[in-house]
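Trainee: Take a look at the following structure, please.
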Amino acid sequence: MTGEKKSKKGTAGAIAPDTPLAELKGVGARTAELFASGGWNTAGELLRHYPRSYDFFEDPKPLSECVTGQLCAVKLTIRQGGSSFHAGGRSVCYFRAGDGEEEIRLSYFNQPYLRRTLSAGMIRIFRGILKQSRNGNRYMEQPQIYRPEDYVALSGSMQPRYGLVQGLKNGQIMRAVSRILERIGEEGWEADYLSEEERTRLALMEETEALRAIHFPVAAAEAAAAHRRLAFDEFFFFLLAVYGARGQREELANRRPMLETAEPERLIERLPYALTAGQRQAWREIRDDLCGGHVMNRLLQGDVGSGKTILAFLALLLTASNGRQGALMVPTEVLARQHMRGMEAMAEAYGIPFHPVLLTGSVKGTARRRAYEDIASGAAGVIVGTHALIQEKLVYRDLGLVVTDEQHRFGVRQRENLAGKGEEVPILVMSATPIPRTLALILYGDLRVSVLREKPDGRLPVKNSVVDERWRGKAYRFIAAQVREGRQAYVICPAIEAGELDHVANVEDYAPALREALPEEISVGSLHGKMKPLEKERIMEDFAEQRIDVLVSTTVVEVGVNVPNATVMLVENAERFGLSQLHQLRGRVGRGAEQSYCIFLYSGTGEKPKRLEILEHSTDGFYIAEEDLRLRGPGDVFGIRQSGELGFESADIYADQDVLRQAAELAEAVLGADPELKEEKNTGIRRRLLRDRAKSIDFRSI
């Protein structure tokens, strides 16, 4: 380096998206490690960790104006010093407080020090969910406490709430983001790839302005405008990858078409059930693709429980009976093992002449070496596995078909890498996300689409119930009764740990409390996304093998394990989820012959949310997705993320349909005029696209 000195930490040197967080003022080594555990190593990565929700600090209200079941701030005087007792392995401290007209009870768990800090006559602002007991008394649990002068400073503001990792506090993220935002206008920060003219035409914010506004908006309208710009960015670069892949694969000649063999039709005749009309049509389309003149590149889209797996199995069987190899890649080891067992059982029951092999991260030593040998020699006609199927060392003798299950868990590069194991390999991707056809044409522009709308005969429809807090005890008794009959249950919480999201159930506190509430002989397990992969796999396996009766989990179970014995799902704080996500969760039950039930428990004791009534009366995922969009409308960015179906951080394929169409039009225009993005005006786009595609794991869809 000549004439320059490397800037020391804390000085005003230029900051760029790839600046390590450890170089930021106020971020020490320990804090940098915490950020890294969440996947945020650079300034750009942390800025793209958008708030999950916002706290709207409204002016305090009298208790008489507060609505039960809703968040409110009240100015109260402590009437008596705190009392405490122990229950369920934790201490409970409570106070009586009032505003001159009404009194309520304030309860705190495992915070005995409050008896010393809150004394009779003290005036404080308490902010929390106002609840009501069966005898009509109103109360708050764990409300936040503010001195009146401190609350005045927050009143009328919107404070960001972030998804956290263990040991990291919301305030630490706020401070680090603030320091980055102070410096993103400096030389070294990448310029907006959209020109001022394009931003005006598309009615979009400037990019750095949007980043400031999404983290620290001054009003809801500004947060919505920032969301719109950032959603556009996600869609635009996503679609560039989609359309780029389409340009490379579109209408490739199938130089090795397969021959129609008798094995698939023989299996269809022997199945103990008849394929639905939709399944028969989809199978004809898949078969015609494999035996036709162009390389198959097809999406099989079907609602939960619509019977996609048997069609994938038929495609793999046709491939193997042509003397070639088929690979089925799924997102979890548990699901891979379940598919493997199902194939082995079918092969034995119906005399199917092929040899399936399992290959996952946990297959080690001799078993892994033998699997590699069988795949390389061609002895393995079907290979089932996870990301292990795209390892560089793995060699296929003659790969003729790639099937990806729950396709939105895999990225473009992962699909391309697996397809690259063979010459112009046909691809069948499967999705349970009910996307309207107009959106599917944009999102899956390089794929032909087959849709399954019917459910196979023999499955009883799930019985649904939308209830409030007063039904919790009855719900627990119902779960206990189902377990005594040999069944299992899921309980879904919105958050992992306390403080991640205010006033919602979290897995870490809920699981031990549920163990106390249920009979001692009922085993309760817990599962969430911050666990190590092997631990998650072990817990899912234990639940699948009935070693766990009730599984308390976040939405991580939305995709993965298939447990036909699970007949009950209880969703806590159901009003905080999008309808499409609730429908996906509901798909975890109703997978066996027994009657199944889904209980949507909403906060408080107020009127039943209208949107949840849609789930109570319909099981059609496509209808639910459309209703979800109609009720929410565009730009609903406040609350828990409503749809993460395709792995987007901010964008929502339903609520942001207008933005998606704009991004699609621009992506088509840019690539149409400059397919390789070599023109100078597209330098920023090319740099960003290459940077995003260089990530080792990209869980976006296409």
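The values are calculated or read from the model by the stated rules, or taken from the named source; none is laboratory data. No experiment lies behind these values; they were computed from the predicted model shown. Quick reminder, even Gly has a Cβ in these numbers, built from the backbone with ideal geometry, and neighbours come from all protein chains shown.
Trainee: Just give me the residues in the stretch 352-386 being over 13 Å from ARG324 (Cα atoms) and touching a helix residue (DSSP H, G or I) at 6+ places or on another chain (Cβ under 7 Å), in sequence order.
Mentor: Listed by number, the residues that qualify are ILE352, VAL357, LEU358, LEU359, THR360, GLY361, SER362, VAL363, VAL384, GLY385, THR386.
Trainee: Looking only at helices (runs of 4 or more DSSP H) that lie completely in the stretch 138-235, which have at least 3 residues being under 21 Å from GLY38 (Cα atoms)? Outline the logic, then answer.
Mentor: Working: elements: 148-154, 170-181, 196-202, 207-215.
Of the helices (runs of 4 or more DSSP H) lying wholly inside the stretch 138-235, those with at least 3 residues that are under 21 Å from GLY38 (Cα atoms) span 170-181, 207-215.
Trainee: May I pose another question? Working only within the stretch 264-313, note down all residues that are assigned to a helix (DSSP H, G or I), under 12 Å from VAL451 (Cα atoms) and of a type in the set (Lys, Arg).
Mentor: Of everything in the stretch 264-313, those that are assigned to a helix (DSSP H, G or I), under 12 Å from VAL451 (Cα atoms) and of a type in the set (Lys, Arg) turn out to be ARG280, LYS308.
Trainee: With the checklist (1) surrounded by fewer than 22 Cβ atoms within 10 Å (Cβ to Cβ); (2) of a type in the set (D, E, K, R); (3) modelled with pLDDT of 85 or more in hand, flag the one item ARG586 doesn't pass.
Mentor: Answer for ARG586: the failing condition is (1).
Trainee: Out of the strands (runs of 3 or more DSSP E) lying entirely within the stretch 494-612, which hold 1 or more residues that are in contact with a Gly (Cβ under 6 Å, 6 or more places away or on another chain) and under 22 Å from VAL462 (Cα atoms)?
Mentor: Working: elements: 524-527, 550-553, 566-571, 597-601.
Fully inside the stretch 494-612 and qualifying: 550-553.
Trainee: Test ARG266 against the stated conditions and say whether it is under 24 Å from ALA347 (Cβ atoms) and surrounded by fewer than 19 Cβ atoms within 10 Å (Cβ to Cβ). Let's see the steps before the verdict.
Mentor: Working: under 24 Å from ALA347 (Cβ atoms): yes; surrounded by fewer than 19 Cβ atoms within 10 Å (Cβ to Cβ): yes.
In short, yes.
Trainee: Which residues, counting only those in the stretch 108-134, are surrounded by fewer than 17 Cβ atoms within 10 Å (Cβ to Cβ) and under 22 Å from GLU65 (Cβ atoms)?
Mentor: Of everything in the stretch 108-134, those that are surrounded by fewer than 17 Cβ atoms within 10 Å (Cβ to Cβ) and under 22 Å from GLU65 (Cβ atoms) turn out to be ILE123, SER133.
Trainee: Mind checking which residues of the stretch 346-372 are without any contact (Cβ under 8 Å) to a residue 12 or more places away in the chain, more than 15 Å from LEU317 (Cβ to Cβ) and aliphatic (A, V, I, L, M)?
Mentor: Answer for the stretch 346-372, where residues must be without any contact (Cβ under 8 Å) to a residue 12 or more places away in the chain, more than 15 Å from LEU317 (Cβ to Cβ) and aliphatic (A, V, I, L, M): just ALA367.
Trainee: Also: Taking the stretch 651-695, which residues are within 25 Å of ARG52 (Cβ to Cβ), part of a loop (DSSP other than H, G, I, E, B) and not β-branched (Val, Ile, Thr)?
Mentor: Those that are within 25 Å of ARG52 (Cβ to Cβ), part of a loop (DSSP other than H, G, I, E, B) and not β-branched (Val, Ile, Thr): ALA651, ASP652, TYR654, ALA655, ASP656, LYS695.
Trainee: Scan the stretch 44-81 residue by residue and report those that are touching a Ser or Thr at 6+ places or on another chain (Cβ under 7 Å) and farther than 18 Å from GLY171 by Cβ. If you could, list the steps in order and put the result at the bottom.
Mentor: The initial filter retains those residues of the stretch 44-81 that are touching a Ser or Thr at 6+ places or on another chain (Cβ under 7 Å), namely 50, 57, 59, 68-69, 78, 81.
Hits for the stretch 44-81 are ASP59, THR68, GLY69, ILE78, GLY81.
Trainee: I'm trying to understand the selection: among the residues of the stretch 135-166, which are over 31 Å from the mean Cα position of the chain (by Cα), over 21 Å from VAL218 (Cβ atoms) and crowded, with 16+ Cβ neighbours inside 10 Å?
Mentor: Matches in the stretch 135-166: TYR139, ILE145.
Trainee: Let me ask something additional. In the stretch 349-403, which residues are crowded, with 20+ Cβ neighbours inside 10 Å, under 30 Å from the mean Cα position of the chain (by Cα) and not aliphatic (A, V, I, L, M)?
Mentor: Matches in the stretch 349-403: THR360, GLY385, THR386.
Trainee: With the structure loaded, tell me whether ARG298 is touching a helix residue (DSSP H, G or I) at 6+ places or on another chain (Cβ under 8 Å) and without any contact (Cβ under 8 Å) to a residue 40 or more places away in the chain or whether it fails that test.
Mentor: Details: touching a helix residue (DSSP H, G or I) at 6+ places or on another chain (Cβ under 8 Å): yes; without any contact (Cβ under 8 Å) to a residue 40 or more places away in the chain: no.
Considered against the rule, which asks whether it is touching a helix residue (DSSP H, G or I) at 6+ places or on another chain (Cβ under 8 Å) and without any contact (Cβ under 8 Å) to a residue 40 or more places away in the chain, ARG298 comes out as no.
Trainee: Within the stretch 658-678, how many residues are touching a Pro at 6+ places or on another chain (Cβ under 9 Å) and surrounded by fewer than 16 Cβ atoms within 10 Å (Cβ to Cβ)? Break it down into steps so the answer makes sense when it comes.
Mentor: Pass one, the stretch 658-678, residues touching a Pro at 6+ places or on another chain (Cβ under 9 Å): 658-659.
Now restrict to residues that are surrounded by fewer than 16 Cβ atoms within 10 Å (Cβ to Cβ): 658.
Total meeting the criteria: 1.
Trainee: A further question on this structure: Go through the residues of the stretch 505-527 one by one and say whether even a single one is over 24 Å from GLY606 (Cβ atoms), within 17 Å of the chain's Cα centre (by Cα) and of a type outside the set (A, V, I, L, M, F, W, C).
Mentor: Checking the stretch 505-527: not a single residue is over 24 Å from GLY606 (Cβ atoms), within 17 Å of the chain's Cα centre (by Cα) and of a type outside the set (A, V, I, L, M, F, W, C).
Trainee: For the stretch 50-67, which positions are under 29 Å from TYR162 (Cβ atoms) and either exposed (fewer than 13 other Cβ atoms within 10 Å of the Cβ) or not basic (Lys, Arg) (or both)? Break it down into steps so the answer makes sense when it comes.
Mentor: Let us first name the residues in the stretch 50-67 that are under 29 Å from TYR162 (Cβ atoms), namely 50-61, 66-67.
Hits for the stretch 50-67 are TYR50, PRO51, SER53, TYR54, ASP55, PHE56, PHE57, GLU58, ASP59, PRO60, CYS66, VAL67.
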